[in-house]
Amino acid sequence: MGTPRTSLRLSVCWGALVLLLSAGVSSCTFIFDDSVTQCDVDGDCQRRFADSVCNLVTNTCERKPIDEKWGCLDGPPLQPTATTVDLRLEVVGAITRTAAVGALVRACNRIDTTCSTPLVPDTPVGASGQVIMGVGENFNGYFEIRSPPAEPTKYVPEILYLPTREIVRREGPVRRALLFTEAEGQSLIQLVGGTFTQGQTPNAAVIATALDCQGTASPGISFELTSPDVASDQTVTFYTDRNNLPRTVATETSETGTYALTNLLDSSAAGTVALQATINSLGRTMGNDSVAIVRDNWITVIYVAP
């Protein structure tokens, strides 16, 4: 390669400005020789500036473009506080997408696996389908969602886990919880050879959705169950395609970002479910806190994010 410049233009400008100001000069003119090659590869730039890359067309160093999809992987870690935030959830039927009016939602401590002492008591879903839960930014527990008291068997009860990034996020889509009737749950799981009948165990199920830094469902994510003790000889794993149909031969998420497991053993006997999500295009993992409880006759929903 040609002779590389020793710095980016911004740093040259800053150094020259310091020298000129120290000499009492109030203005300056910069002349750059664009015929001199600054770089041939990113490493030529990154030896001095970690956030720079080489433009292979002009052979000049430039600031690395911001990756809105996965850039937060390299950003500073989140520092949530105990400050209470109003977390807005939309609770609707999985098939009808209509408001699950009257369904009850409560917030639970992560270590309180039966939610015997809720952090936020039962809060009914309103006509809009939304419910607001006042939790701390540092909330790392889970939510229980159950049928309306007047119709106690209308929906399969659900455990919902949201990552910290979704708790503190102020913009973007309202996070949605989809409730299945027992018949809907049976139909979905039977499509892949699993079973889901109330009272016939093991029938705990998990639905995981991979999110990017913006909170959008992401394709190209492979999930791995890293807690094999919770699997039974009936467990089936699958991804869903863009039409939300299950695909047992798929190896990564589609645009829906969804992965699921059926017929798991209850956590009271087999321990928690642990998932590892790999961003295949980057070869990097995310969601290291994706550990959840599962219960017989319940569906556990886990949103996984960087």
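Regarding SER254, is this residue hydroxyl-bearing (Ser, Thr, Tyr), assigned to a loop (DSSP other than H, G, I, E, B), touching an Asp or Glu at 6+ places or on another chain (Cβ under 7 Å) and touching a residue at least 24 places away in the same chain (Cβ under 8 Å)? For SER254, the condition - hydroxyl-bearing (Ser, Thr, Tyr), assigned to a loop (DSSP other than H, G, I, E, B), touching an Asp or Glu at 6+ places or on another chain (Cβ under 7 Å) and touching a residue at least 24 places away in the same chain (Cβ under 8 Å) - is met. Among the residues of the stretch 39-65, those identified as outside any loop (DSSP other than H, G, I, E, B) and either polar (S, T, N, Q) or exposed (fewer than 12 other Cβ atoms within 10 Å of the Cβ) (or both) are GLY43, GLN46, SER52, ASN55, THR60. The residues listed here are CYS72, CYS54; of these, the one that is touching a helix residue (DSSP H, G or I) at 6+ places or on another chain (Cβ under 7 Å) and over 23 Å from ARG295 (Cα atoms) is CYS54.
Figure legend. Inter-residue proximity from the stretch 129-153: first residues more than 18 Å from LEU179 (Cα to Cα), second residues of a type in the set (Ser, Thr, Tyr) and in a loop (DSSP other than H, G, I, E, B), beta-carbon distance below 7 Å, spacing 6+ or different chains. Indicated pairs: GLY136/THR83; GLU137/THR81; GLU137/THR83; ASN138/THR81. Just one of the numbered conditions (1) modelled with pLDDT under 95; (2) among the acidic types (Asp, Glu); (3) farther than 27 Å from THR216 by Cβ is not true of ASP122: (1). Against the condition more than 18 Å from GLY129 (Cβ to Cβ) and surrounded by 15 or more Cβ atoms within 10 Å (Cβ to Cβ), how does ARG169 come out, does it pass? It is true that ARG169 is more than 18 Å from GLY129 (Cβ to Cβ) and surrounded by 15 or more Cβ atoms within 10 Å (Cβ to Cβ). Applying the condition of being in a strand (DSSP E or B) and aromatic (Phe, Trp, Tyr) to the stretch 257-306 and asking which residue is surrounded by the most Cβ atoms within 10 Å (Cβ to Cβ) yields TYR259.
If you go through the stretch 68-99 and keep only what is at pLDDT below 85 and surrounded by 14 or more Cβ atoms within 10 Å (Cβ to Cβ), you end up with just LEU78. Within the stretch 250-306, the residues that satisfy the criterion of being hydroxyl-bearing (Ser, Thr, Tyr) and under 17 Å from ASP112 (Cα atoms) are SER267, SER268, THR272, SER290, THR300.
So that you can scan it fast, the table gives a plain yes or no per residue for (1) buried (at least 16 other Cβ atoms within 10 Å of the Cβ); (2) aromatic (Phe, Trp, Tyr); (3) within 21 Å of VAL92 (Cβ to Cβ):
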| position | (1), (2), (3) |
| --- | --- |
| LYS154 | yes, no, yes |
| GLU182 | no, no, yes |
| GLY185 | yes, no, yes |
| GLY194 | yes, no, no |
| ALA205 | yes, no, yes |
| ASP212 | yes, no, no |
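Screening the stretch 111-229 for strands (runs of 3 or more DSSP E) wholly inside it with 1 or more residues that are of a type in the set (Val, Ile, Thr) returns the ranges 120-124, 130-136, 142-146, 158-161, 204-210, 221-225. Does at least one position in the stretch 234-241 carry a residue that is among the charged types (D, E, K, R) and in a strand (DSSP E or B)? Scanning the stretch 234-241 turns up no residue that is among the charged types (D, E, K, R) and in a strand (DSSP E or B).
The values are calculated or read from the model by the stated rules, or taken from the named source; none is laboratory data. Source: prediction; values computed, not measured. Here Cβ is always computed from backbone atoms with ideal geometry, including for glycine, and neighbour counts include all displayed protein chains.
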